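Everything below concerns the one structure shown next.
Just so you know, all these numbers are worked out from the coordinates, no wet-lab data involved. A quick note: this is a predicted structure, and the numbers were derived from the prediction, not measured. All Cβ positions, even for glycine, are placed from backbone atoms using ideal geometry, and neighbour counts span all protein chains on display.
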Amino acid sequence: MRQTSTGSGPAKVEDLPSPALIVDLDAFERNVAAAADLVRGSGTNLRPHVKTHRTPGLAIRQLGPHAHGVTCATVGEAEAMVAAGIDDVLLANEIVSPGKADRLARLGRDAQVAVAVDSQYGVDVIAGAAARARVEIAVLVDVDVGLARCGVAGPDEAVALGRVVAGTPRLRLRGTMGYEGRLRAANAERGQRINQAEVGLAAVHRAFAAAGLPCQVVSSGGTSTFLQAVADPDITEIQAGTYALMETDLAGLGLPFVPALTVSAMVISRSEGRVVLDAGRKSISCDYGPPTPLPPEATLTAINEEHTTLRWDGELPGFGARVELRPLHVRLTFNLHDEVWLARGDKVIDRLPVVARGRSA
């Protein structure tokens, strides 16, 4: 793999520029090891979804004997990963733009590239790009397993499209894909939705076999359904990503993962019972709710573009003191930062560029 670090910087967290995005490296490594333990011996591999952090330096740390290649949401993410030396990428999304397809196909000169399709139109666009680049692209037929987003409707439609892919030069049918969505513990339909996805993918798998179509890959699942995906005999790879950094809304699912991300902010104003930090919505995504301040004395009362206001019980921290905030939405928070710092305790280990930040095309 290529060098993905931006080099050394401050030695301690308190010396970092503020606000700073920080990964607790001990927690991150614990999560990666726990994921490997879950899939070990199951016959299922992990294909980490890098939309979680868009950072090649973290993606490389997630790969290993039980994690082969990465999942990407955009061509820009795939380009960043291949440029860093990752040679196996799945674009788990439909591509119908010839320009995007050409960019994806060019990656096939340096890496094994796979892409999802759910239409004849998409097949034709990908095939045209593969021909122009003189590469072969692997294809997964995307199946709607209950999310009502992308994907063909069921086994008959999947087989029909699979036959089109199998008969198209420069394309190689590898199997199927289906995503059931983020299913939290409080979701009253969680069990039903998981069962619907499992039954739907199994039906397509059987239909492919009956039609003589290759189906070496059945790609599915996410962090919220990690345990169920490991136990499903049809699923060959899991597209989880959040597990490595974790989000608090996934509590209650029995997952062995712990939060590993904070934003370190600085005290810039204080008055009786109140502290103001120099981090706000421009550095912390709040679409899942405001961040959680880690000090037990602190309670968040407001968050604006550049400021977070805390009620503080007890002795106030001094000007310039650092306060850690835990974002509820890891993925969009990463997309607000140019770099992420890796730390063990208060010691800074490395900094990594968030290379694919903003690369949504």
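Taking the Cβ of each residue in Met246, Met1, Met177 as the centre, tally the other Cβ atoms inside 10 Å and list the residues starting with the fewest.
Met1, Met246, Met177
Sort 13-21, 302-310 by packing, meaning the average of other beta carbons within 10 Å per residue, with the highest value first.
Result, highest mean first: 13-21, 302-310.
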Read phi for every residue in the range 57-73 and hand back ³J(HN,Hα) as whole Hz from Karplus 6.51 cos²θ - 1.76 cosθ + 1.60, θ = phi - 60°, with x for Gly and Pro.
-> x, 7, 4, 4, 5, 8, 7, x, x, 10, 9, 10, x, 10, 9, 10, 9
In degrees, nearest 10, the alpha-carbon axis of helix 25-39 is tilted away from the dominant principal axis of the alpha carbons of the chain by 30 degrees
For the chain, what is the percent of antiparallel DSSP beta bridges, rounded to the nearest 5?
-> 50 percent
For Val340, residues with placed amide H under 5 Å, excluding near neighbours = Leu352, Val354
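Work out how much length Glu29 to Asp87 would gain on full extension: take 0.36 nm times their residue separation and subtract the Cα-Cα distance, in nm to one decimal.
My answer for the length gained is 18.7 nm.
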Size of the dipole of the range 261-328 about the Cα centre, Lys and Arg at +1 and Asp and Glu at -1 on the beta carbon, nothing else charged, in debye to 20?
-> 100 debye
Residues with amide H under 5 Å from that of Gly241, placed H, sequence gap 5 or more | His49, Thr223
Return the FRET efficiency for the residue pair Arg311, Ile349: r is the Cβ-Cβ distance, R0 is 35 Å, and the value is rounded to the nearest 0.05.
-> 0.60
So what's the gap between the Cα centers of the range 85-162 and the range 43-84, to the nearest angstrom?
-> 17 Å
How high is the relative contact order of the chain, given as a whole-number percent (alpha carbon pairs under 8 Å, six or more residues apart)?
-> 23 percent
The chain - charge dipole about Cα centre, Lys and Arg +1 at Cβ, Asp and Glu -1, debye rounded to 20 | 720 debye
Within the chain, what is the number of lysine pairs with alpha carbons under 26 Å apart, leaving out pairs fewer than eight places apart on the same chain?
-> 5
So, with points 7 Å from each Cα along the Cβ direction, the Asp338-Arg149 label distance in nm works out to 3.1 nm
